[in-house]
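Throughout, read-outs are computed from the coordinates displayed, never taken from laboratory work. Quick caveat: nothing in here was measured; it's all calculated off a predicted structure. In this analysis, Cβ positions are derived from the backbone assuming ideal geometry, glycine residues included, and neighbour counts consider all displayed protein chains.
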Amino acid sequence: QEQIMAQPGVRDNWLVIGQQSGTEEQLTYRRTWLRGETTGRCALLLDFAYGRQGFDAQWVVGSVLQGELIFYPGTTGQRARFRQQTPSRAPYESPPGYPDLTAAGVDYAKALAASPWLNGFPLLLEEITPLFREEAEGSGWIVDQRRQLMPLARTDQVWPLLAHSGGRPITVFGEYNGETFSPLSVITEGRVFAL
């Protein structure tokens with residue numbers, strides 16, 4: 001830990017843009033994604049709690065933290081921890097996300113080439129429309145403006161996306177595993193809504 005904290009950090013306003021948690025045996029984990037306002041860089045905070053213990057820190061989706069992140073060494077350069085942070089009330093101006101699934105796929109391929117064991121690549125996708133296709137296997141999809149499709153990890157994930165979109169394109173953040181997309185939040189009118 002001391003070696004990691006001795007590294008230079010990255011200062012920015014960090015938006016808590018997505019979060020998911022789960023349990024494996026007695027261990028509860030939480031994956032929290034941040035996005036830097038000026039850097040556009042994504043960072044992954046991993047938290048673990050054993051048994052009935054709670055997590056040490058609470059990261060609220062949609063909140064903005066001004067601070068310095070230290071990134072762990074590794075090929076993906078995603079995992080990080082805060083050296084220091086304070087809540088920020090300043091408006092957050094998000095850097096643009098991917099304009100289409102092709103651009104997202106190019107960056108995913110580069111990350112996968114650098115780290116073949118990559119598990120969950122962060123994607124901020126703009127102008128995405130959720131789609132339910134009953135005749136299709138895995139019925140939940142997202143489609144970009146070029147009509148390219150990407151399947152959702154679970155069909156039930158399409159319903160909150162449809163509710164937020166009202167049939168119109170929206171901005172969605174989530175994790176891509178090379179086959180399916182797991183949406184974690186929707187950004188609309190400058191606000192982040194956890195899914």
Using every pair of alpha-carbon atoms in segment 2-87, split the distances into 5 Å bins beginning at 0 and state the percent of pairs per bin, rounded to integers. 3, 15, 24, 24, 18, 11, 4, 1
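Counting other Cβ atoms within 10 Å of each Cβ, which chymotrypsin sites (Phe, Trp or Tyr not before Pro) in segment 1-91 have at most 16 and sit in a DSSP loop? Can you show the working numbers first?
Working: sites: TRP14, TYR29, TRP33, PHE48, TYR50, PHE55, TRP59, PHE71, PHE82; in loops: PHE55, TRP59.
Filter output for segment 1-91: PHE55.
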Hand me the GluC sites (Glu not before Pro) from segment 14-105 located in a DSSP loop with no more than 14 other Cβ atoms within 10 Å, in residue order please. GLU25, GLU93
For the chain, longest principal axis from Cα atoms; helix 101-114 axis from its Cα atoms; angle between them, nearest 10 degrees, is 40
Please work out whether segment 80-195 counts as rounded, prolate or oblate from its C-alpha gyration tensor, where a ≥ b ≥ c are the square roots of the eigenvalues and a/c under 1.5 means rounded, while otherwise a/b larger than b/c means prolate and anything else oblate? oblate
Mind listing which chymotrypsin sites (Phe, Trp or Tyr not before Pro) in segment 101-195 are in a DSSP loop and have 15 or fewer other Cβ atoms within 10 Å? TRP117
With a/c under 1.5 counting as rounded, go ahead and sort segment 44-115 into rounded, prolate or oblate using the C-alpha gyration tensor (a ≥ b ≥ c being the square roots of the eigenvalues; past the cut-off, prolate if a/b is larger than b/c, else oblate). oblate
Can you give me the P(r) profile for the chain? Cα pairs, bins 10 angstrom wide beginning at 0, each as a whole percent. 9, 34, 37, 17, 3, 0
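Quick one: compute the contact order of the chain, relative version, from alpha carbon pairs under 8 angstrom and 6+ residues apart, as a percent. Working shown, then result.
Details: 404 pairs, mean separation 32.9, N = 195.
Once divided by the residue count of the chain, the mean separation gives 17 percent.
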